[in-house]
Amino acid sequence: MHSGKDSNERSRKLSISSATSKDISEELSLWNQVCTDLLNLYNLHKEAEAAVQKTNKYHEKLTGKSDLLNPKVAKKLLESYSRVIEKATKEQREISKTKDNLDILIALQNASENGIEHKRKKRKVDKYMSKSKSHDNKQYKPLSPGNLVVVKPPEQDWLLATVLQYFPDKNKYEVEDIEDDEDKPGVKKRYIFPVKCVLEIPSDDNKKPYFPIGHEVLSLYPNSSCFYKATIIKTPNENKNSSNGKPAYIVRFEDDDEAEREVPANRVLDMPPKMKLKEDK
């Protein structure tokens, strides 16, 4: 039996051999940046830790000795507090930057690993495809800010988000979750994804695909902002009495006790090619 390490190594080699030189170059560049970020983060953490320890020593000296707290000592204590805040702020900024780069790196790696077979098949039909469909910066027409999209942050479900901006030099989008962060009410999480990892929700009815019964799709779960793998049970043509009078599919989600649920037609997307939709382990 092969070890998990051997299996992971083979998967990595296969992923690298299937990726384009541009993908590999971008991933290596990001990996180098992440390594640099982590080193900077380590140094900043040590500096912040030293500032906290120094402040704690002031506290120890003053504990139970209020007579020692004079204007001169108070000034030093305030300066020490300011240093701690400054170091902590720098550390937080570095953490945020490192996390963003890691998110992009993971998204690129997932796209490479999950799209191996798709890329293999795609080579056979590329010569018949119009260049206007390419994601080349000169040809690609980016989505406008406010456009609804579906993305999958690392170790999370597919979720509904809005486009904030497009970075033509990196061919990436910055998107924002439509719901507030569970840990920070009033704050919405933002992510950066390569174009190939962003699924557009067509606003034009003419661009909306029509899925037949039995087709596997990525569908919004009712009363949520998350998307899951589902199977079409009824098409809008067959589901003429939808709850709000608008086109809607009847779908059956995985691991949902065979329940059949109604989902608006504009919240049902085609399954991303060969992408893993199971829960992250």
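Kindly evaluate D177 against the criterion of being surrounded by fewer than 10 Cβ atoms within 10 Å (Cβ to Cβ) and under 21 Å from W158 (Cβ atoms). Taking the combined requirement at face value, the residue does not satisfy it. Could we say that F167 is over 30 Å from Y249 (Cα atoms) and either at pLDDT 85 or above or buried (at least 17 other Cβ atoms within 10 Å of the Cβ) (or both) here? Yes. Counting only residues that are surrounded by fewer than 18 Cβ atoms within 10 Å (Cβ to Cβ) and either under 26 Å from the mean Cα position of the chain (by Cα) or not charged (D, E, K, R) (or both), the range 237-249 holds 7 of them. Can you name the number of the only condition in (1) farther than 24 Å from Y221 by Cα; (2) touching a Ser or Thr at 6+ places or on another chain (Cβ under 9 Å); (3) in a strand (DSSP E or B) that Y140 fails? With (1) farther than 24 Å from Y221 by Cα; (2) touching a Ser or Thr at 6+ places or on another chain (Cβ under 9 Å); (3) in a strand (DSSP E or B) applied to Y140, the lone miss is (3). Filtering the range 239-255 to residues that are charged (D, E, K, R) and free of Cβ contacts under 8 Å to residues at least 24 places away in the same chain leaves K240, K246, R252, D255.
Tell me the residue from K184, K170 that is among the basic types (K, R) and either within 20 Å of Q156 (Cβ to Cβ) or in contact (Cβ under 8 Å) with a residue 40 or more places away in the chain (or both), please. Only one candidate passes the filter, namely K184.
The values are calculated or read from the model by the stated rules, or taken from the named source; none is laboratory data. None of these values were measured; they are calculated from a predicted model. Don't worry about glycine lacking a Cβ; one is built from the backbone with ideal geometry, like all the others, and counts go over all protein chains shown.
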